[in-house]
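Down below is the structure, laid out as structure tokens.
The values are calculated or read from the model by the stated rules, or taken from the named source; none is laboratory data. Since we're looking at a predicted model, the values are computed, not measured. No Cβ is skipped: glycine too gets one built from the backbone with ideal geometry, and neighbour counts run over all protein chains shown. Please note that ligands, DNA and RNA were not included when accessible areas were found on the heavy atoms of the full protein model with its side chains. Shrake-Rupley method; radii C 1.70, N 1.55, O 1.52, S 1.80 Å.
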Amino acid sequence: MGLLTGKRAVIVGVASKHSIAYAIAAAFHREGAEIALTYQGEKLAERVKKMGDDWNVDLCLPCDAGSDDDIASVFQQIGAQWGHIDILIHSVGFAPAEELDGDYLSVTTREGFKIAHDISAYSFVAMAKAARPFMQERQGAMLTLTYHGSQQTLPNYNVMGLAKASLEASVRYIAGSVGAEGIRVNSISAGPIRTLAASGIKNFRKMLKRNAERAPLKRNITADEVANTAVFLCSDMASGITAQNLYVDGGFNTCAMNLTEMEE
Ligand code: NAD
Ligand code: 0WE
């Protein structure tokens, strides 16, 4: 029997086969979960529906993370069809491209700040609110994806670092809101992975190389490793874990410098 057999999971954030949410959906399917998918806009509809076929998905709906109407209607539809929801996966992040290229203080704008926080942080609150009525008293789990740029600075991550810091704090506050209803809320802080969200980021290759060199595991991590961690955190095996951020980064976040760098 799979670790998620009998569980119903809404997965938000599949855009391509490289998406972390794609790896999570595949792992959840393998572990016996029933899956509903949402996608950003009609441009992605056909592609995401086709991917859903592999996992026998019949609920595959458009949902703009910036629209309360979309979010309300999508969770109403899924809730009505299924009667309940066990798991919510939020794998969404966005800031205008210009905000992620150059000196933080020079490129950050009020509008870019607002968009980054709205789509990358508030949308988890909005989706948690909408899913909550369908997740009562059933060992539910909510999970979001974050990045270490929330804790330490690095070039170009800029306002996304602030949005992720907000998202991580929100995990703790949402966990406090819904804990008494048997719902757990956590985040995974993933190391850098080549996905659409990473394409177009300047020097991403160099970042991957540096990460692999410094990480105790001496390599980068894969979306499948993030997905297996998501399986654990959303399964009843993790029944005592809530309000946590779990790093899946090969240990990179714990290392300030290593012997190789010292000898360079
Ligand atoms: P991705 O591009 O495959 O996924 C990002 C998703 O966000 C896409 O599905 C996109 O459609 C969705 N999205 C953006 N704006 C949206 C909106 N307005 N409405 C609805 N959906 C919207 O890239 P990914 O790397 O799989 O990113 C998923 C999550 O993982 C993000 O939160 C990202 O910050 C996080 N993360 C990524 C990495 C990495 O290196 N790739 C590392 C750590 C954390
Ligand atoms: O969270 C992210 C990516 C977030 C992201 C990416 C884009 C690119 C396209 C948000 N908004 C946009 N907007 C676009 O127009 N990651 C953790 C991946 C990532 O992005 C970086 C990184 C890493 C790692 C940007 C700079 C430095 C490192």
Does GLY52 satisfy the criteria of being away from ligand 1 (no atom under 12 Å from the Cβ) and open to solvent by less than 20 Å² (accessible area, probe 1.4 Å)? yes
Output the residues belonging to region 150-159 that are crowded, with 22+ Cβ neighbours inside 10 Å and among the aliphatic types (A, V, I, L, M). VAL159
Quick one: how many residues across region 244-264 are in contact with a strand residue (DSSP E or B) (Cβ under 6 Å, 6 or more places away or on another chain) and of a type in the set (A, V, I, L, M, F, W, C)? 2
Scan of region 155-207 for residues that are at pLDDT 95 or above, in contact with a Gly (Cβ under 9 Å, 6 or more places away or on another chain) and within 12 Å of ligand 1 (Cβ to nearest atom), ordered by number: TYR157, MET160, GLY161, ALA163, LYS164, LEU167, GLY191
Being in contact with a strand residue (DSSP E or B) (Cβ under 9 Å, 6 or more places away or on another chain), at pLDDT 95 or above, within 26 Å of LEU162 (Cα to Cα) and among the β-branched types (Val, Ile, Thr), is that true of even one residue in region 21-42? yes
Regarding region 129-149, can at least one residue be identified that is open to solvent by 30 Å² or more (accessible area, probe 1.4 Å), modelled with pLDDT of 95 or more and among the aliphatic types (A, V, I, L, M)? no
Which of the residues belonging to region 178-220 are touching a residue at least 60 places away in the same chain (Cβ under 8 Å), surrounded by 14 or more Cβ atoms within 10 Å (Cβ to Cβ), touching a strand residue (DSSP E or B) at 6+ places or on another chain (Cβ under 9 Å) and not in a strand (DSSP E or B)? GLY191
Is it the case, given these coordinates, that ASN228 is of a type in the set (S, T, N, Q), without any contact (Cβ under 8 Å) to a residue 60 or more places away in the chain, outside any loop (DSSP other than H, G, I, E, B) and touching a helix residue (DSSP H, G or I) at 6+ places or on another chain (Cβ under 8 Å)? no
Scan of region 5-46 for residues that are among the hydroxyl-bearing types (Ser, Thr, Tyr) and in contact (Cβ under 8 Å) with a residue 60 or more places away in the chain, ordered by number: SER16, SER19, TYR22
From (1) away from ligand 2 (no atom under 15 Å from the Cβ); (2) open to solvent by 80 Å² or more (accessible area, probe 1.4 Å); (3) closer than 30 Å to GLU111 by Cβ, pick out the condition that doesn't hold for ALA169. (2)
Has region 80-96 got any residue that is among the acidic types (Asp, Glu), open to solvent by less than 20 Å² (accessible area, probe 1.4 Å) and assigned to a loop (DSSP other than H, G, I, E, B)? yes
Within region 2-31, of all residues that are assigned to a loop (DSSP other than H, G, I, E, B) and more than 16 Å from ligand 2 (Cβ to nearest atom), the one farthest from ILE89 (Cα to Cα) is GLY2
Note on region 105-128: residues of a type outside the set (Val, Ile, Thr), open to solvent by less than 80 Å² (accessible area, probe 1.4 Å) and within 30 Å of ALA238 (Cα to Cα) are HIS117, ASP118, SER120, ALA121, SER123, PHE124, ALA126, MET127, ALA128
